[in-house]
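What follows is one structure encoded as structure tokens, with my remarks underneath.
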Amino acid sequence: MDTLEEFIKNNRRHLDKYDPPTGVMKRVLQRVNFIPPMGIRLIRVAAVFLVLTATAFSFYYLGQKRKGSELESLSSPDSSPAFAQFRETENYYKNSVNALFRQAAPLLTSNPDIKKEYSQDIAHLDSIYLDIRKDLKDNVANQDVIEALIRNYRIRISLLEDMLNRLEGDKHNEKLKHNEI
């Protein structure tokens, strides 16, 4: 047994002869229960609010992280078959446009008016292309965006083919005039 307990048991009748002054017990209970009932409710409400906020933030953060990882996976060439196919198609059109431009470049140097007109058209198509690429980053899975990019490349190819036909026709006509003289 503890010495304090032993002392209290041995001297119990000497200790019980004194009554505490009035109000002491009330003050002791107030100190022991220092949180009033309204405070308990406020603490509970704050705890629930904190848990709900933390849960909402967690779901938002995890959703953003997942969305970012989906975009990362789609931006890599070998991530999804659809995106890989789009990359292949885009490379095909880029190569076609570059080949036609290399073919037209010598003819454009001798025709500055056509070169200026072509540069303006390509600048306009480039600005549209950049807007579509922004949409593609925001809406990777949207087939309409991919089709718009392909349409942009087809317009470029059509523009280059028309220009080449016009330039080669002019060149052919000059040869005929030169041979007639």
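A short reminder: the numbers here are calculations on the coordinates, not readings from a lab. All values derive from a computational prediction rather than experimental measurement. We place every Cβ from the backbone using ideal geometry, glycine too, and count neighbours over all the protein chains shown.
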#### Entry: Sequence ranges 11-21, 159-169, ranked by mean other-Cβ count within 10 angstrom, highest first
159-169, 11-21
### Message
Run the simple label-point estimate for Arg133 and Glu6 please: 7 Å along Cα→C-beta, distance reported in nm.
### Response
9.0
### Task
Report the extension gain between Tyr61 and Ala123 in nm, rounded to one decimal, defined as 0.36 nm multiplied by the number of residues separating them, less their alpha carbon distance.
18.3 nm
